[in-house]
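The next block holds one structure in the form of structure tokens; read it before the comments.
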Amino acid sequence: MTTTTRTAHGALGWGSFEDLPSGRTLVMGVLNVTPDSFSDGGEHAGHEAAIAHGMRLLAEGADVLDVGGESTRPGSERITPAEEQRRILPVVEALAAAGAVLSVDTLHAATAAAVLDAGAHLVNDVSGLSVTPAMVEVVAERQAPYVLTHARGTPATMDGLADYDDVVDEVLAELETLRDRLVAAGVAPERIVLDPGLGFAKRGAQNWALLRALPRFTATGHRVLVGASRKRFLGALLETDGEARPAAGRDTASAAVSALSAHAGAWAVRVHDVRASADAVAVAHAWLGTEPAVLRPGAARRPRPGEGPDEPPAPRGGRGRALRAGDRAGRQHVPAAPPRVPDRRDRINLLGIGAVGYHGVLDQEKRSGQPFFVDLVMYLDLSRAGAEDDVALTAHYGEVAEEVRDMVIGPSVNLLETLADRIARRLLERFPLEAVEVTVHKPKAPIEVTFSDVSVTIYRER
Ligand code: PMM
């Protein structure tokens with residue numbers, strides 16, 4: 001019942017947002033339809049070349065194509081919505097007819113409305129804090145999936161707006177404020193994809209800090225998109241004799257970011273070199289032991305636990321409201337969780353339990369203490385607690401937090417691994433958990449090198 005093939009929906013694409021695979025990181029191929037990309041032989045030839053390139057990206061393994069008519073790179077020039085639509089609408093129409101799932105990269109509400117009419121599926125808006133009320137209205141009215149990208153200012157001003165005390169905290173807080181604004185306007189939360197907006201009002205090191213913090217973005221419960229491909233911070237990383245590596249030489253590094261993003265539970269990666277990132281994502285999933293390593297056009301998707309013909313349905317995830325009633329494949333469309341664990345189980349997330357503890361191998365750590373923070377993902381069946389509205393049928397997170405705090409301030413151990421292990425064992429003993437993931441952070445660990453955090457994550461089952 002649930003085996004899905006691409007060919008069931010169209011020659012090369014998944015056909016609709018709802019039919020995108022939900023068990024692995026997706027690859028979003030960049031299709032820029034700008035004069036410098038495709039219009040050497042005039043407008044029609046430009047459209048034809050862009051469509052052909054889109055088909056090629058699909059054949060190479062793109063799950064989604066991100067079509068853009070206006071460059072949003074820092075310092076780029078603005079064009080009118082009419083010009084933007086003239087560039088992209090014929091391309092959107094042709095690729096939608098071929099079964100492609102299409103997102104459209106636009107800052108303009110009028111273009112978003114026009115491309116949704118023409119068959120596009122998602123709006124990818126990099127306006128960030130400058131999002132217009134008209135855009136919010138279009139997305140709410142159409143109930144379109146929406147990529148909410150963090151950005152400050154406009155492409156002309158964003159480079160001067162990259163001052164943060166704590167880039168991760170501020171980006172998350174600003175995204176959450178924007179998310180709340182969209183939800184208040186009527187956009188369903190599960191249709192909002194969060195994107196940290198690498199390079200948009202971010203300097204080199206800030207991009208790496210955001211990538212390191214991807215689990216905090218996935219912990220919001222939203223799907224997370226990562227757009228690192230060919231960006232300046234990769235060019236700076238790969239510099240030779242003080243010269244940044246040009247964009248054309250950044251694809252291997254971009255694919256490495258894709259693998260690590262998949263490992264961290266990203267919903268999708270937005271990339272120029274689709275084949276490299278599709279391979280990188282396949283490696284990450286094979287490493288994690290999650291999905292079939294390669295899922296290509298025409299390949300049958302292997303049923304996942306709970307989806308086999310004779311198996312009962314898997315338990316529903318807490319936020320896993322199906323995107324479409326009567327989902328014909330019987331799949332739950334839940335925001336991506338770290339793929340290391342089944343992503344559709346009920347769970348309680350309890351993040352950032354803080355206390356001063358005396359753990360570490362150094363005497364000084366045992367004497368003076370330092371802050372520790374613990375993140376928990378607790379897996380347990382919440383169906384009865386939810387139906388009966390009874391706290392006795394779940395894990396009381398206040399009690400869990402106290403237990404964890406007491407263990408952090410309790411007997412000293414040498415290793416974060418040991419503390420995490422003890423916390424996991426105690427929680428499995430005391431609360432009705434099926435499994436627990438414990439991450440212990442020691443952000444002020446006394447080492448010589450400047451760093452932002454060190455943490456250990458373990459996963460234990462009953
Ligand atoms: N980056 C660019 C354009 N659109 N959209 C999202 N959601 N996230 C991004 O990081 C992003 C984007 C700029 O990259 P390009 O000019 O190389 O396409």
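The values are calculated or read from the model by the stated rules, or taken from the named source; none is laboratory data. Keep in mind it's a predicted model, so treat the numbers as computed, not measured. Cβ sites come from the backbone with ideal geometry, for glycine too, and all protein chains shown count toward neighbours.
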*Residue by residue through region 256-285, note down the ones that are buried (at least 24 other Cβ atoms within 10 Å of the Cβ) and free of Cβ contacts under 8 Å to residues at least 40 places away in the same chain.*
280
_Among the residues of region 86-102, are any out of contact with any Asp or Glu (no Cβ under 6 Å at 6 or more places or on another chain), buried (at least 19 other Cβ atoms within 10 Å of the Cβ) and closer than 28 Å to residue 180 by Cα?_
yes
*When you look at residue 79, is it among the hydrophobic types (A, V, I, L, M, F, W, C), more than 27 Å from residue 278 (Cβ to Cβ), assigned by TED's automatic domain parsing to the domain that holds residue 255 and within 16 Å of the ligand (Cβ to nearest atom), yes or no?*
yes
*Mind telling me which of the residues 131, 167, 139 ends up being β-branched (Val, Ile, Thr) and more than 22 Å from residue 79 (Cβ to Cβ)?*
167
*So which of 385, 445 is surrounded by 14 or more Cβ atoms within 10 Å (Cβ to Cβ) and without any contact (Cβ under 8 Å) to a residue 40 or more places away in the chain?*
385
*Pick from 188, 209, 219, 213: which is surrounded by fewer than 22 Cβ atoms within 10 Å (Cβ to Cβ) and closer than 17 Å to residue 253 by Cα?*
209
*Which numbered condition residue 395 fails, given (1) in a loop (DSSP other than H, G, I, E, B); (2) aliphatic (A, V, I, L, M); (3) under 18 Å from residue 454 (Cβ atoms)*: (3)
_Filter result for the condition that a residue is within 15 Å of the ligand (Cβ to nearest atom), in a loop (DSSP other than H, G, I, E, B) and over 20 Å from residue 276 (Cβ atoms), over 197, 186_ = 197
*Under the condition of being in contact with a Ser or Thr (Cβ under 9 Å, 6 or more places away or on another chain) and β-branched (Val, Ile, Thr), which residue from region 207-232 is nearest to residue 273 (Cα to Cα)?*
226
*Could you please tell me which pairs satisfy a Cβ distance under 7 Å, a separation of 6+ or placement on different chains, a first residue in region 216-228 that is charged (D, E, K, R), and a second residue that is within 11 Å of the ligand (Cβ to nearest atom)?*
223/193
*Looking at region 264-274, which of its residues are hydrophobic (A, V, I, L, M, F, W, C) and more than 15 Å from the ligand (Cβ to nearest atom)?*
264
